[in-house]
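Taken together, the values in this text are just the output of simple stated rules run on the coordinates, not laboratory data. Just so it is clear, the structure is predicted and the values come from calculations on it, not from any experiment. Cβ: placed from backbone, ideal geometry, glycine included. Neighbour counts: every protein chain shown.
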Amino acid sequence: MHALGNEHLSKAEWRTRLTRARAGQTAESHAHEASALVSAVSKVTATTVCAYLPFGTEPGTTALVDALAAGGARVLLPVIAPKPGPLDWAEYTGEADLAPGRLRGILEPSGKRLGAAAVGAAELVLVPALAVDRQGVRLGRGAGHYDRSLVFAAAGARLLAVVRDEELVDRLPGQPHDVRMSGVLTPGRGVLDLPM
């Protein structure tokens, strides 16, 4: 098990530990990992992809979304609804079309809203995560946006949690409502299928 791992931690303790580790990452390391993620995702083919724009200490940059679009994919990005519930989606048409979202620091496409069910058109869904375990249990930030949204994903869609290499751990605390990831995207390992 990786040094970050401790299967007896609560979700809150995991979040604290992982957020602290991300905050300690250097800008140079973040840029190197972001470049590696672009390289890895450039090898993935899909007609429609639901992705997201990394912000703060999340792995990646807008270049990740640009690489998907450059590969010919129609890219849908999340739009956070005013009330708790599933995410809405809108098509990504470039950085010029992005506007500040409801939550501070998050950019969203300013185009037509496609509704929560739009995620069902995607063969690939990139999902932000603080960590994912080898059984596909994902640890998010705790707001539940993705757990409420991924129930609309197509049955055969690949759900890839995007994390740093050390954030792929042996075991995380999971709950029955958690939507399991079918894979993981990391800078050093690229795309890996789960469970492992």
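Worth pointing out:
- Contact order normalised by residue count of region 34-96, Cα under 8 Å, 6+ apart, percent: 31
- Only aspartates and glutamates eight or more places from Lys83 in sequence, or on another chain, were considered; those with a Cα closer than 16 Å are Asp147.
- GNM on the chain, alpha-carbon springs under 10 angstrom: the most fluctuating residue among Leu130, Leu150, Leu114 is Leu114.
- Neighbours of Arg113 by Cβ distance under 15 Å: Lys/Arg scored +1, Asp/Glu scored -1, total -1.
- When DSSP beta bridges are restricted to pairs lying wholly in the chain, around 50% turn out antiparallel.
- Under the convention that each Lys and Arg Cβ holds +1 and each Asp and Glu Cβ holds -1, the size of the dipole of the chain around its Cα centre is about 440 debye.
- Label of the coordinate-derived value, volume of the Cα convex hull per residue in Å³, listed as [x] 147; [y] 102; [z] 114: [z]
- Relative contact order computed over region 83-196 (Cα-Cα under 8 Å; 6+ residues apart), in percent: 26
- Net +/- balance of residues flanking Val191 in space, Cβ distance below 10 Å, scoring K and R +1, D and E -1: +2
- Look at the dipole of region 18-154 built from charges on Cβ: of Thr93, Leu139, Gly72, the Cα furthest out on the positive end belongs to Leu139.
- Measuring nothing but how far apart in sequence close Cα pairs (under 8 Å, 6+ apart) lie, relative to its length, the chain scores a relative contact order of 23 percent.
- Classification of region 36-144 by its C-alpha gyration tensor yields a rounded form. The axis ratio a/c (a ≥ b ≥ c) stays under 1.5.
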